Every structure is written in C-alpha cells, then in structure tokens.
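*Asks:* First, the structure itself, so that you have it in front of you.
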Amino acid sequence: MQTTRNLCNLTRYILRRTVATTANDTTGSASGGAGGSEQTTHFGYQTVKESEKERKVHEVFQQVAQSYDLMNDAMSMGIHRVWKDIFVERLGPEHGMRLLDMAGGTGDISFRYLKYLAKMPNPKQRESHVTVSDINQHMLNVGEERARQLGLTADRLPNASIAWQCADAEKLPFKSDTYTAYTIAFGIRNCTHVDKVLSEAYRVLQPGGRFMCLEFSHLTNETMQWLYDQYSFQVIPPMGQLLAGQWHAYQYLVESIRRFPRQDQFKSMIERAGFSHVSYENLTFGVVSIHSGFKL
C-alpha cells in the first residue's frame, strides 16, 4: 500500500510540474542509392529501416528482461495481473488444448493457462500442451527460471507439457495446423510486420482454432486519453529509470502503444488475415483490449 501511495504521489507531482505537451513525432528517413531505398517502419516515434527495427526491439527487451515483471506492476499499479486473468478466462482453456503462447517471454499467460487446467476435472486424462515462444532468448530464460520456481516444469505437470522455443512471430518454425489456440499478449505491437504475424498465426492454427490478442489500445474518452498520455509520457520513462535504470527502453514502450492501430483498425487487420467472427473487448476504458478470431 505504501508503494502504491508513493507512486500515486509521484504521478501527481510530475503532472503538476509538467506542461501539458504531446510527445514529438521524431520521424526520420531512410535514404537509398540508385537501386532504390529500403522500406522504413516505426520504432516508437522514430522512423527506421525495417532491418533495424528487429535489432532495436531485441535490445530493448534484453535490457528490461530482468525487471520486466517489476515494471509491469509499477506502471499498471498491478492491474496487468487482472487483465491477464480476464484474458485467460476469455480463452477458456480445455483439456486437450494445444496452445502457442507467442511473445510469451516471462510466462505470465502460459502459467495462468496451466493453473487454469489444473483446477479442472480431467476424467479422460487428456494431454494438454503449451509452447512458450519469444524472439528474445533473455525473456525466455527469465520465464524458464520462473517456471522452475513455481514447479511448472514438464516433469511435474499432470497431463500437461510445456516447451520453450525462441522464434520470430513473422516466420514461425512450426508446421501448419499444429495448435488449437494462439495467444499473444503485449507483444504484437513490437513486430515489424503485423500482417505477417497474423498470417503466421492463421497458418499454425488448426481449423476451428482460436486467435487471441491482449494489447494496449486507445481509450474511448478523449479527456481520459489525455490524462493517460500525460501519465505515460511524463511518469513511465522516469519510473523506468528509477526502478530499472532504463529511461529510453520505457520511452519506446510508451511510444509503441500510441503507434498501434485503434481497436476497429486492428479488428479489420485480423479479418484480412482470414479469421472469422472477429471481435474485441475493451478493458479499463480501452487502456487495453482483447481481440479474438477463429480459423474456420
């Protein structure tokens, strides 16, 4: 409680001392020679070559891996735990499910999935599975260590298995029609080609399989969005510096949220990838949203 009060006081202090300004969109350009220029994309509010973004994102998560869970708690006042609980409840895990948890990193979604299954009767002793996959091995290392501490290892799970795989969401190494569910939480906005991520998710899902995404989004109320922007840009980067020694990494994370498509736009992208019955649900007034679709 004391930590929460201190963070709230810090927020109010900075908001009082800060002139309400919107972060600048510092765009750049990728120059090319006679043979043409390389495609550019966004890295937060910067414009970078596509070949640079993966490296930059990898560096960010390598820097924050050890403090990732601490910062999630601090930035959201612990609400991210509630969002993830709701996300897994909406997934509705069943025995026999094969889940690919992409950008699964430190294991938050996969651990909830396994614990959810452990509480359910399984009279037929059906085997369930989760593959935790992330492009950053540092994040997976943190997740595997957490799994050992929680006793969620393959040798200690009844009728369930867990595997860890370093992989690029845009070029998955898994066979087509392998999984019955695909989740990605707070990860898709960091990918260079979101359309390729969605296409790969569709490919590896079995017919009838479900795609679910939990991601920061846009508030439905303009005043609340303004207040949220002030908190995001003026409080989170300094907090990242204080708690994790990482100002720029958390500045990028905030900027990447603002660059991500709005709920309806992302819904259309999921539909263009081939998914049916696509819907979304806003949580906490749209701070985050859950998108869902089916491969039929």
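The values are calculated or read from the model by the stated rules, or taken from the named source; none is laboratory data. Source: prediction; values computed, not measured. Glycine gets a Cβ as well: all are built from the backbone with ideal geometry, and neighbour counts include every protein chain shown. SASA here: full protein model, heavy atoms, side chains in, ligands and nucleic acids out. Shrake-Rupley method; radii C 1.70, N 1.55, O 1.52, S 1.80 Å.
*Asks:* For region 216-268, calculate the relative contact order in percent as a whole number, restricting contacts to Cα pairs under 8 Å that are 6 or more residues apart. Could you put the intermediate results ahead of the total?
*Replies:* Details: 31 pairs, mean separation 21.7, N = 53.
Taking the mean separation of contacting Cα pairs over the length of region 216-268, I get 41 percent.
*Asks:* Right, another one. At 1.4 Å probe size, with no ligands or nucleic acids counted, give the accessible surface of residue 180 in Å², nearest ten.
*Replies:* Counting only protein heavy atoms, residue 180 exposes about 40 Å² to solvent.
*Asks:* At a 1.4 Å probe radius, carbon and sulfur cover how many percent of the accessible area of region 147-290? If you can, show how the numbers build up before the last one.
*Replies:* Working: 3220 of 6330 Å².
Carbon and sulfur atoms account for 51 percent of the accessible area of region 147-290.
*Asks:* Still on this structure, please answer the following. Going by the alpha-carbon gyration tensor, a ≥ b ≥ c the square roots of its eigenvalues, is region 218-296 rounded (a/c under 1.5) or, if a/c is not under 1.5, prolate (a/b greater than b/c) versus oblate?
*Replies:* Values: a/c = 3.12, a/b = 1.98, b/c = 1.58.
It is prolate, given that a/c is not under 1.5 and a/b is the larger ratio.
*Asks:* Return the sequence-ordered ³J(HN,Hα) values of region 205-211 in whole Hz as given by the Karplus equation 6.51 cos²θ - 1.76 cosθ + 1.60 applied to θ = phi - 60°, using x for Gly and Pro.
*Replies:* 7, 6, x, x, x, 10, 9
*Asks:* Turning to a different aspect of this structure: What list of ³J(HN,Hα) values in whole Hz, one per residue of region 197-204 in order, does the Karplus curve 6.51 cos²θ - 1.76 cosθ + 1.60 (θ = phi - 60°) give from phi, with Gly and Pro shown as x?
*Replies:* Running phi through 6.51 cos²θ - 1.76 cosθ + 1.60 with θ = phi - 60° gives 4, 5, 5, 5, 4, 4, 5, 7 Hz.
*Asks:* With the crude spin-label approximation of a point 7 Å out along Cα→Cβ, what separation in nm comes out for residue 226 versus residue 90?
*Replies:* So the two model labels end up 2.9 nm from each other.
*Asks:* How much length is gained on full extension from residue 281 to residue 159, taking 0.36 nm per residue of separation minus their Cα-Cα distance? The partial results should precede the final answer.
*Replies:* On the way: separation 122, 0.36 × 122 = 43.92 nm, distance 3.17 nm.
The residue 281-residue 159 span can extend by a further 40.8 nm.
*Asks:* For residue 38, list long-range residues whose amide hydrogen, built 1.01 Å from N in the peptide plane, is under 5 Å from its own amide hydrogen.
*Replies:* none
*Asks:* Kirkwood Rh over Cα pairs of region 64-115 into Stokes-Einstein at 25 °C, 0.890 mPa s: D in µm²/s?
*Replies:* Values: Rh = 12.0 Å.
The diffusion coefficient I find is 204 µm²/s.
*Asks:* Quick one: Cα centre-to-centre distance for region 240-258 and region 83-99, in angstrom?
*Replies:* Using only Cα atoms, the two centres lie 29 Å from each other.
*Asks:* Mind checking which of 191, 225, 202 is farthest towards the positive end of region 178-252's charge dipole, using Cβ charges of +1 (Lys, Arg) and -1 (Asp, Glu) about the Cα centre?
*Replies:* So the residue we want is 202.
*Asks:* If you don't mind, there's one more thing I want to ask. Once you have a ≥ b ≥ c as the square roots of the Cα gyration tensor eigenvalues for region 125-203, tell me rounded if a/c is under 1.5, and otherwise prolate or oblate according to whether a/b is larger than b/c. All intermediate terms of the calculation are to be shown ahead of the outcome.
*Replies:* Working: a/c = 2.63, a/b = 1.43, b/c = 1.84.
Because a/c hits 1.5 or more and a/b fails to exceed b/c, region 125-203 counts as oblate.
*Asks:* Continuing with this model, one more query. Loop-only trypsin sites (Lys or Arg not before Pro) in region 105-139, please: DSSP not H, G, I, E or B, and at most 14 other Cβ atoms within 10 Å. Before the final figure, lay out the partial values.
*Replies:* Values: sites: 112, 115, 119, 124, 126; in loops: 119, 124, 126.
Filter output for region 105-139: 119, 124, 126.
*Asks:* Still on this structure: So what are the ³J(HN,Hα) numbers for region 242-258, from phi and the Karplus equation (6.51, -1.76, 1.60; θ = phi - 60°), rounded to whole Hz, Gly and Pro as x?
*Replies:* 5, 8, 10, x, 9, 6, 5, 4, 7, 4, 4, 4, 5, 5, 5, 5, 5
*Asks:* Something else about it: Summing Lys, Arg as +1 and Asp, Glu as -1, what charge do residues with Cβ under 15 Å from the Cβ of residue 207 carry, residue 207 excluded?
*Replies:* Details: positive: 98, 175, 203, 210, 295; negative: 177.
Value of the local net charge: +4.
*Asks:* Count charges around residue 106 for me, please; just the other residues with Cβ under 10 Å from its Cβ, Lys/Arg as +1, Asp/Glu as -1.
*Replies:* Values: positive: 146; negative: 69, 108, 134, 144, 145.
Residues near residue 106 contribute -4 overall.
*Asks:* With the cut-off at 29 Å, tell me which of the pairs 119/171; 124/295; 124/196; 124/175; 49/84 have Cα atoms farther apart than that.
*Replies:* Working: 119/171 34 Å; 124/295 26 Å; 124/196 37 Å; 124/175 27 Å; 49/84 33 Å.
With Cα atoms farther than 29 Å apart: 119/171; 124/196; 49/84.
*Asks:* Given 266, 280, 290, which one lies farthest toward the positive end of the charge dipole of region 257-296, if we put +1 on the Cβ of every Lys and Arg and -1 on the Cβ of every Asp and Glu?
*Replies:* About the Cα centre, the residue reaching furthest to the positive side is 266.
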